[in-house]
Amino acid sequence: MLNFILRRLGLMLLTAFCLTFIVFYLTNLEPNLEKLAKEQNNMRMTDPQVLSWLQKNGYRDPLLSRYGQWLGFVPGWTGVDEDNGKQTGRCVRRNVDNTPSYCGVIQGEWGMSTVFGEDVGKIISKRLGATGWLMLWVMITMIPMALIIGVLAGMREGTKLDRSLSTFSITTTATPEYVSGVLFIVLFASSKYGLSPLFLESGTILKGSAASAIKSITIENFTLPVITMALYGLGYIARMTRASMAEVMTAQYIRTATLKGVSFKNVVLKHALRNALIAPFTVIMLQFPWLLTGVVIVETLFNYKGFGWVLVQAASNNDIETLLGCSVVAVIVVLLTQLISDIGYVYLNPRIRVK
Amino acid sequence: MENMSGISIMASILWSFLPVWIGIIVVFAVSMKYKQSLGLYGKLFNSTVGMIGLGLLLFWTFTALFADLITQFDAYSQLSGMKNKLPGTPVPGEEGAYYLLGGDRLARDVFSRMVYGSQTVLIIAPAATLFAFMVGITLGLPAGYFTGRLDSVLSFISNLVLAFPVILLFYLLVTPEIRSTGIPIYLAALLFIFPIVFLLILFKTRFIAQPQKLKVYVSITLVFGLWAYSGLAFNADPFGVWSMDPNLLNIFVSVVFVNSPTVFRIVRGLTLDIKTRDYVAAAQTRGETPWYIMLWEILPNARGPLIVDFCLRIGYTTILLGTLGFFGLGVSPESPDWGLTINEGRKLISLNPYPAIAPALALMSLVLGLNLLADGLREQSLKD
């Protein structure tokens, strides 16, 4: 088992290397650097000005050397400011006298964001916290609902209940966040249309913006983003649970229990449920990376400044170091959930052991 | 002229779609009549879910085809005085012309834009899915059949692409800056070669004993394939028949690139499963070549799950295209793309929700149709 985990961690490291290098390469393409220079200064920079800015800020070192600087294997670039003679460089920080020669990921430094003008590590950890709350509430609403729908639909296959719940799950998987979000906003958060004018004299039932949820989460400002995200993921988990439940219900031991005279309720709750929930566990774990895309859409839609919002800001401004930080987070989320789902599967299902 | 009432708006919208209704009825009537001899497609008409799905898909297909007949306006014209108007507002100066779903913030007809928005989606989504399947099948079959080092390398690459958050990948791949580096063209050159390779191997293995036939098929594939290839990937078609807008090519290539690894994984998994069957062993004993076994023994037996996934994947690709439009990636800001229109419309949503709701419901119903169709197909193919 330990060997298996070590091998997976090694693979994870290799994937992270490749992925960050691809991001690094794509963000450092000449037109992207030019765009970055212009966005940092002004849009009407001439070509020589762009080149000299890039030269001054260490963007002219060879690509591999700069990737090494980001990792912390290669000493950070240094230079001297022509105007005031002060030392400049990757590792120069304000209010710090002695400049270290290495400052990369290995040294725990994630670089400076060009959009936010702050330390990338700080930005990402702060924004991940905000997204963490969103994810937490999405999970709290989505998982129980999905499991209940799946179990109810799967326990008696082919009945009306099954048909209607299955149709509901299919509909939710066909409704991406940017569709359901817009519909929910009209339904609950518009003062002229939807349900609000029917029940309230003025104002809206829920808020269409979650900007204030960064400070304090309330039902008013957080319900819509949470349901919007939960709904899209819900259908998939529910369908997997249904399939798993339906399969378990045809098993021999369920028939034996029924023939012994155990009530249907007890057959479902005591005999079927535990075995039926093994497969959905894997699905739920693998759902996390998928939620990452959802986070980006929902945070943009509801103006919630979390990780997804940072990603969009960084990507649209070609903020290289922030994007690298974001992709590291993404890789860790994807591969860690895969690992947990594999390990969890083994523990839940004693019939399968890792070779 | 006065504004139309709710009921008459509904009635006029239904009336506008007349060519679509006729098309759906014709297709359903013909299919029902001959359903015995139509295989899996015919069996679809035994399942309500499948029929509803097919109906929704046909609705949007015919809408895209007959867009000019359905709409009274084009997707771009801005008529003065129609800014943010309510549904059913008459157009001043034109007798009997109405903005059926109102006007958007640039005074364009919401209804016409929704109808025209279906056109790009219904070309790009199925075509991109088809290309992704070609890539996934051509690489997934040998990976599952031979396993070993080839499999490790291909699986690593596909997992690498899958570990990327889709949005980040789109932000990196679909930008005007990337277009000027030529990366989309290299990617297109790589991805578009797969259908040609696939067809060549397909014919080579089938007609190895009939050199006459082989020559005909191979030369047709090469002539047409390379002709289309030169036009689509490099925009260098000498006759100018095949060409693709650079914007569109960029979106197309990125969507194929994102979808291929998943298809690869599915095909690889199916191959691993099917290659242990007796008929594969029989073919091996007969001395068939590995590629013959893969394409003519394994692939036909994997068709059930692949057809179902194909439908689901077109729906997923539609959602991806909407996501791209929503973030304004790779679409011109004027175009009636659904995702883009939703994003535009949500800015004034509390004032005038219709410009956002119309494309949102359109996109949802198309994806729902594809998902229901996939469900019906799965149900019917399991009955065999």
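The values are calculated or read from the model by the stated rules, or taken from the named source; none is laboratory data. Only a predicted model underlies this, so the values are computations on that prediction, with no experimental measurement involved. Note that we place each Cβ from the backbone using ideal geometry, even for glycine, and neighbour counts take in every protein chain shown.
Within the stretch A:107-128, can you find the residues that are free of Cβ contacts under 8 Å to residues at least 60 places away in the same chain and outside any loop (DSSP other than H, G, I, E, B)? Once the filter is applied, which keeps residues that are free of Cβ contacts under 8 Å to residues at least 60 places away in the same chain and outside any loop (DSSP other than H, G, I, E, B), the stretch A:107-128 yields A:ASP119, A:LYS122, A:SER125, A:LYS126. Residue check, B:TRP227 against (1) over 30 Å from A:PRO289 (Cβ atoms); (2) touching a helix residue (DSSP H, G or I) at 6+ places or on another chain (Cβ under 8 Å), all met but one. Which one? Checking B:TRP227 against (1) over 30 Å from A:PRO289 (Cβ atoms); (2) touching a helix residue (DSSP H, G or I) at 6+ places or on another chain (Cβ under 8 Å), the one that fails is (2). Look at A:SER52 and say whether it is of a type in the set (S, T, N, Q), in a helix (DSSP H, G or I) and under 27 Å from B:VAL161 (Cα atoms). Judged against the criteria, A:SER52 is not a match. Report yes if A:ASN275 is farther than 17 Å from A:ALA16 by Cβ, more than 18 Å from the chain's Cα centre (by Cα) and either within 11 Å of chain B (Cβ to nearest Cβ) or modelled with pLDDT of 90 or more (or both), otherwise no. Judged against the criteria, A:ASN275 is not a match. Number of residues in the stretch B:159-191 that are buried (at least 16 other Cβ atoms within 10 Å of the Cβ), more than 7 Å from chain A (Cβ to nearest Cβ) and not in a helix (DSSP H, G or I) equals 2. Are any of the residues in the stretch A:32-48 within 14 Å of chain B (Cβ to nearest Cβ), touching a helix residue (DSSP H, G or I) at 6+ places or on another chain (Cβ under 7 Å) and acidic (Asp, Glu)? Yes, the stretch A:32-48 contains at least one residue that is within 14 Å of chain B (Cβ to nearest Cβ), touching a helix residue (DSSP H, G or I) at 6+ places or on another chain (Cβ under 7 Å) and acidic (Asp, Glu).
Inside the stretch B:304-330, residues that are at pLDDT 90 or above, of a type in the set (A, V, I, L, M, F, W, C) and buried (at least 22 other Cβ atoms within 10 Å of the Cβ) make up a count of 8. Quick test for you: out of B:LEU366, B:LEU372, pick the one residue that is surrounded by 23 or more Cβ atoms within 10 Å (Cβ to Cβ), under 30 Å from B:LEU172 (Cα atoms) and out of contact with any strand residue (DSSP E or B) (no Cβ under 7 Å at 6 or more places or on another chain). Exactly one residue qualifies, and that residue is B:LEU366.
Filtering the stretch B:1-49 to residues that are surrounded by 12 or more Cβ atoms within 10 Å (Cβ to Cβ), among the polar types (S, T, N, Q) and under 22 Å from B:MET82 (Cβ atoms) leaves B:ASN3, B:SER8, B:SER12, B:SER16.
When the stretch A:253-280 is filtered for residues that are assigned to a helix (DSSP H, G or I) and within 30 Å of A:GLY129 (Cα to Cα), the ones remaining, listed by number, are A:ILE278, A:ALA279, A:PRO280. Of everything in the stretch B:120-158 that is within 14 Å of chain A (Cβ to nearest Cβ) and within 30 Å of B:ALA67 (Cβ to Cβ), the residue that is modelled with the lowest pLDDT is B:VAL121. Any residue in the stretch A:281-303 that is outside any helix (DSSP H, G or I), under 18 Å from the mean Cα position of the chain (by Cα) and more than 10 Å from chain B (Cβ to nearest Cβ)? So far as the stretch A:281-303 goes, yes, one or more of its residues are outside any helix (DSSP H, G or I), under 18 Å from the mean Cα position of the chain (by Cα) and more than 10 Å from chain B (Cβ to nearest Cβ).
Considering only residues in the stretch B:331-370 that are in contact with a Phe, Trp or Tyr (Cβ under 7 Å, 6 or more places away or on another chain), more than 7 Å from chain A (Cβ to nearest Cβ) and not in a helix (DSSP H, G or I), the one that is modelled with the lowest pLDDT turns out to be B:GLU334.
Each row is one residue, and each column tells you yes or no for (1) aromatic (Phe, Trp, Tyr); (2) without any contact (Cβ under 8 Å) to a residue 40 or more places away in the chain.
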| residue | (1), (2) |
| --- | --- |
| B:ALA143 | no, no |
| B:PHE146 | yes, no |
| B:VAL153 | no, yes |
| B:ASN159 | no, no |
| B:PHE170 | yes, no |
| B:LEU173 | no, no |
| B:ALA189 | no, no |
| B:ILE196 | no, yes |
| B:PHE203 | yes, yes |
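Taking A:SER190, is it facing another protein chain (nearest Cβ under 9 Å), among the hydroxyl-bearing types (Ser, Thr, Tyr) and not in a helix (DSSP H, G or I)? Answer is yes for this residue. Taken as a whole, the structure leaves A:TRP70 outside the set of residues that are within 30 Å of A:PRO225 (Cα to Cα), aromatic (Phe, Trp, Tyr), touching a residue at least 12 places away in the same chain (Cβ under 8 Å) and part of a helix (DSSP H, G or I). Would you confirm whether any residue within the stretch A:212-227 is over 22 Å from the mean Cα position of the chain (by Cα), farther than 19 Å from A:VAL296 by Cα and assigned to a helix (DSSP H, G or I)? Within the stretch A:212-227, one or more residues are over 22 Å from the mean Cα position of the chain (by Cα), farther than 19 Å from A:VAL296 by Cα and assigned to a helix (DSSP H, G or I).
Here the stretch A:172-187 is the region considered, the condition is being within 8 Å of chain B (Cβ to nearest Cβ) and of a type in the set (A, V, I, L, M), and the residue that is farthest from A:TYR236 (Cα to Cα) is A:VAL186. Taking (1) surrounded by 21 or more Cβ atoms within 10 Å (Cβ to Cβ); (2) assigned by TED's automatic domain parsing to the domain that holds B:TRP15 in turn, B:THR71 satisfies each apart from (1). Do we have A:LEU51 as within 14 Å of chain B (Cβ to nearest Cβ) and either of a type outside the set (D, E, K, R) or in contact (Cβ under 8 Å) with a residue 40 or more places away in the chain (or both) here? Against the criterion (within 14 Å of chain B (Cβ to nearest Cβ) and either of a type outside the set (D, E, K, R) or in contact (Cβ under 8 Å) with a residue 40 or more places away in the chain (or both)), A:LEU51 does not qualify.
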